[in-house]
Amino acid sequence: MLTIKLVQAGLWNLDEPLSRYWVDPDLAGDPHLVKLTTRLVLSHQTGFPNWRTDNGGMKLQFIAEPGTKFGYSGEGFEYLRRALENKFHQSLSALLAKWLTVPQRLGDMRYWGLDMDSTRFAMWHDGQGRPYTISMHTPISAADDLIASVGDYCRFGIYTMSGLGVSDTLFRDMVRPQIKVKDNYYRCLGWGLVTGLPNGEYALEHGGSDVGVRTMAIFLPKSHSGVVVMTNGDNGMFVSDLVIKRALSAGEQVLATMNKSGSAHVRITLPDEVIQSYTGSYVQANGKIMKVEKEGNAIKVSGDGVPTATLYPESNSRFFLEGYDVQIEFPGDGELAIYENGKQVMKIKKQAAF
């Protein structure tokens, strides 16, 4: 939304190459750079992985040609941050304050700072309700750790639904489908976009997920209604879904569209020894642990930043979460792969036993 405001002011262009303002040293000389634009970042078509460590190393690289496919990427938003900061010679935090939060009096929408009243901060909890011990002091990131109150996020949503103070042409460009994720579910600029709702309505949605945090905001611009749910627990997605279904008349359809799997999933029965072979602890590149346990003829997952959930077998090596487009596969060699919306979002290795 910050970049949309800058575009309205004539200070930024959605379709010029970001390489004019920033080139990551890992990508120097890459021919794909000329195709990488703000529009592709905001609609998650950069061709980057979510994070560079997802490639099994520390080097950023393209895994697809920019503009050819949807792939959620925090790296893309961080790339855009670097470009903005280089052009305007201001931090992202300062730009956000100047163009959005201060003019709209969103004092609780901010990045971490020593002046923040930490007594108001909702601390994190795991799937069993146990508090995490994590530092609140986090670096500024365009893709992570924005702090907000429910009230300010609601005011931000109302401002967005009211047009953001930009031209009708720019607003229409912002909310039009940029790339299809699945039937009636797209990415527009900065938001997930759900179409096909009654009376020509559409929904803008944005979720947040981190260790001990699950949030979801849904705004319906035509009816000027919406809901913001923030939870400080790994199981928060299950709570927020219940709230959304009750708060919005179209809530159930919006969630069904977002969570619909691209293929049908049918439970099968596996030998106990097959399921048992997948149990254990799996370690992410950042050191976070994901635990897999046997639960009847299914697996139960839990761990750092992971909702406690039961997934059912649909093949000898693949399990699915009912009601959500989430699957876990065990491809062999002690690996575990997680798929969301038909895309692999993570692959991690089993922790060796000693």
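Key figures
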read-out: Cα pair distances of the stretch 272-350 binned at 10 Å [whole percent]; value: 19, 61, 20, 0
read-out: Among 101-114, 298-311, 144-157, the order from most to least packed when residues are scored by Cβ within 10 Å on average; value: 298-311, 144-157, 101-114
read-out: Where Rh is the Kirkwood radius over Cα pairs, Rg/Rh for the stretch 176-311; value: 1.04
read-out: I268 versus E16: modelled label distance in nm, points set 7 Å from Cα along the beta carbon direction; value: 5.5
read-out: Protection proxy ranking, peptides 215-228, 240-253, average beta carbon neighbours within 10 Å, highest first; value: 215-228, 240-253
read-out: Residue order, fewest to most beta carbons within 10 Å, for D126, D117, D272; value: D117, D272, D126
read-out: Karplus-derived 3J(HN,Hα), 6.51/-1.76/1.60, for each residue of the stretch 44-60, Hz, glycine and proline x; value: 6, 10, 5, x, 7, x, 4, 9, 4, 5, 5, 7, x, x, 10, 9, 6
read-out: MRE, 222 nm, helices only [DSSP H, n ≥ 4, -39500 (n - 2.57), over the chain, to nearest 500]; value: -6500 deg cm²/dmol
read-out: Positive-end extreme of charge dipole, the chain - chosen from S261, L96, Y186 (charges on Cβ); value: L96
read-out: Where only alpha carbons of the stretch 1-103 are counted, the Rg and the Dmax (Å); value: 13.6, 42
read-out: The chain - convex hull of the alpha-carbon atoms, volume per residue in Å³; value: 153
read-out: The chain: angle of helix 236-247 to the longest principal axis, Cα-based, in degrees nearest 10; value: 60
read-out: Unsatisfied cross-links (Cα-Cα over 24 Å) in the set K59/K300; K87/K288; K87/K180; K180/K222; K59/K98; value: K59/K300; K87/K288; K87/K180; K59/K98
read-out: Between the stretch 166-237 and the stretch 77-134, the Cα center-to-center distance that results, in Å; value: 20
read-out: Karplus-derived 3J(HN,Hα), 6.51/-1.76/1.60, for each residue of the stretch 87-96, Hz, glycine and proline x; value: 6, 8, 6, 9, 6, 4, 4, 5, 5, 4
read-out: Rh (Kirkwood; distinct C-alpha pairs) - the stretch 94-244, Å; value: 16.8
read-out: 5 angstrom amide H check on W12, placed H, neighbours 5+ away; value: V7
read-out: Dimensionless Rg over Rh [the stretch 118-176; C-alpha; Kirkwood]; value: 1.14
read-out: Backbone HN-Hα couplings from phi across the stretch 169-179 [Karplus 6.51/-1.76/1.60, Hz, Gly and Pro as x]; value: 5, 5, 5, 4, 5, 5, 9, 7, x, 9, 7
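Coordinate-derived values only; no laboratory data. Computed from a prediction, not measured in an experiment: that's the story for all the values here. All Cβ positions, even for glycine, are placed from backbone atoms using ideal geometry, and neighbour counts span all protein chains on display.
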